[in-house]
Amino acid sequence: MSSFSPSTPYRLLRRDWGFLGEFRAMASPCELLIASHDESTAYDMLDMAAREAYRIEQKYSRFIEGNYLWQLNHAQGKSVAIDEETWQLLSFAKQCFVLSNGLFDISACPLMQVWRFTQDAILPAKVDIDAARALVGFERLEFNSRELKIPAGMQLDFGGIAKEYAVDSVAYELAESYPKISVLVNFGGDIACPVAHSVPWQVGIEDPNRLDHAAKVLAITQGALATSGDTRRFIEVDGRRYGHIVDPRTGYPVSRAPRSVTVLGPNCVTAGMLATMAMLQGEQAEAFLTEQSVQFSIFR
């Protein structure tokens, strides 16, 4: 067993159809299904994927003190230089913000810091929620392709975008380097299959009421899918369930949201954007996705 960093080992397992690669990044189990029987090639593909996933996590995770995102979030209202990758992510985040009428807001990090979805978590005080809400508002960001200015006190959280972006980035790199080998990239249920496979990959959609069991199976030859939901991140207080998808307008988790939403799309970031937007629509999730003319699956 080798590793791309001392704390994140990965492994390669032989299967009838090729190789299964496994590692962990972005607080998720990550898999590669590789339709090749060449072990050396499969290992190179796994190594490439793991390094790219780890790079993105190290750069954009809000939980790593001192990293690139931490520096942006602690600029104290000053303009700071940004790179092309960050400019592209911010542009996509702006698109999400506009299309969702302000519901999909990566500046909601202060709210996510108030809400803790752990076993011992308690309901935040309204005064703390209101104080956090006052620091949220993507429209107050100032940025262009060269620099970014975040109002003092506001912080960005790329959590709703970064994992899907990592899936697409890995899928693109693998397709560029190995255009004739079909591979399915699966990071915690966010999936991309960049090179068409003659035999469809079978992808299970988790049953929210029976975790680690598939409620249905989708056949994928090429494309992507993403899932958003509260099956693993929620708290229950006084018999009421609070999922981790927070409405930035109210400061509270979305009411009457589905347990999970899975969307198929041309790439993972698009599928992820629509899945999260659907969760934010609450009762109107089905109607919203029907309007988008995409294939989807919802559990309530």
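For the stretch 5-20, state whether one or more residues are under 18 Å from the mean Cα position of the chain (by Cα) and at pLDDT 95 or above.
Among the residues of the stretch 5-20, not one is under 18 Å from the mean Cα position of the chain (by Cα) and at pLDDT 95 or above, which makes the answer no.
Take the residues in the stretch 262-300 that are assigned to a loop (DSSP other than H, G, I, E, B) and touching a strand residue (DSSP E or B) at 6+ places or on another chain (Cβ under 6 Å); name whichever of them is modelled with the highest pLDDT.
By that ranking, first place goes to N267.
Quick one: is S28 assigned by TED's automatic domain parsing to the domain that holds P179 and either of a type in the set (K, R) or at pLDDT below 95 (or both)?
Considered against the rule, which asks whether it is assigned by TED's automatic domain parsing to the domain that holds P179 and either of a type in the set (K, R) or at pLDDT below 95 (or both), S28 comes out as yes.
State which residue pairs qualify: first residue touching a residue at least 24 places away in the same chain (Cβ under 8 Å) and inside the stretch 276-293, second residue of a type in the set (K, R) in any location, beta carbons under 6 Å apart, and separation of 6 or more residues or different chains.
Partner pairs satisfying both residue conditions: G282/R256; E283/R256.
Mind telling me which of the residues V136, V80, V170 ends up being among the hydrophobic types (A, V, I, L, M, F, W, C) and surrounded by fewer than 19 Cβ atoms within 10 Å (Cβ to Cβ)?
Of the residues listed, the single one that is among the hydrophobic types (A, V, I, L, M, F, W, C) and surrounded by fewer than 19 Cβ atoms within 10 Å (Cβ to Cβ) is V80.
What are the residues in the stretch 186-243 that are part of a strand (DSSP E or B), in contact (Cβ under 8 Å) with a residue 40 or more places away in the chain and surrounded by fewer than 12 Cβ atoms within 10 Å (Cβ to Cβ), if any?
V237
Just give me the residues in the stretch 159-174 being over 8 Å from the mean Cα position of the chain (by Cα) and either outside the structural domain of V195 (by TED's automatic domain parsing) or among the hydrophobic types (A, V, I, L, M, F, W, C) (or both), in sequence order.
Scanning the stretch 159-174 gives A166, V167, V170, A171, L174.
Checking V136 against (1) assigned to a helix (DSSP H, G or I); (2) in contact (Cβ under 8 Å) with a residue 60 or more places away in the chain, only one condition comes out false. Which one?
(1)
Given the conditions (1) on the phi > 0 side of the Ramachandran plot; (2) touching a residue at least 60 places away in the same chain (Cβ under 8 Å), and given that Y60 satisfies all but one, which numbered condition is not satisfied?
Among (1) on the phi > 0 side of the Ramachandran plot; (2) touching a residue at least 60 places away in the same chain (Cβ under 8 Å), Y60 violates only (1).
Could you look through the stretch 99-133, keep only residues that are touching a residue at least 40 places away in the same chain (Cβ under 8 Å) and of a type in the set (G, A, S), and pick out the one that is surrounded by the most Cβ atoms within 10 Å (Cβ to Cβ)?
A108
Examine the stretch 74-88 for a residue that is within 18 Å of the chain's Cα centre (by Cα), over 30 Å from V254 (Cα atoms) and not acidic (D, E), and state whether such a residue exists.
no
Taking the stretch 200-236 on its own, how many of its residues are at pLDDT 80 or above, more than 18 Å from S28 (Cα to Cα) and out of contact with any Ser or Thr (no Cβ under 9 Å at 6 or more places or on another chain)?
Counting residues in the stretch 200-236 that are at pLDDT 80 or above, more than 18 Å from S28 (Cα to Cα) and out of contact with any Ser or Thr (no Cβ under 9 Å at 6 or more places or on another chain) gives 6.
Does N73 satisfy the condition of being surrounded by fewer than 19 Cβ atoms within 10 Å (Cβ to Cβ) and either among the aliphatic types (A, V, I, L, M) or without any contact (Cβ under 8 Å) to a residue 12 or more places away in the chain (or both)?
no
Residue check: is A271 assigned by TED's automatic domain parsing to the domain that holds V185 and buried (at least 20 other Cβ atoms within 10 Å of the Cβ)?
Answer is yes for this residue.
Go through the stretch 244-259 and count every residue that is surrounded by fewer than 17 Cβ atoms within 10 Å (Cβ to Cβ) and either outside the structural domain of C193 (by TED's automatic domain parsing) or assigned to a strand (DSSP E or B) (or both).
Looking only at that region, the number is 0.
Got a number for residues in the stretch 223-239 being of a type in the set (D, E, K, R) and under 16 Å from R300 (Cβ atoms)?
1
The values are calculated or read from the model by the stated rules, or taken from the named source; none is laboratory data. A quick note: this is a predicted structure, and the numbers were derived from the prediction, not measured. A quick note on method: Cβ atoms are made from the backbone with ideal geometry, for glycine too, and the neighbour counts reach across all protein chains shown.
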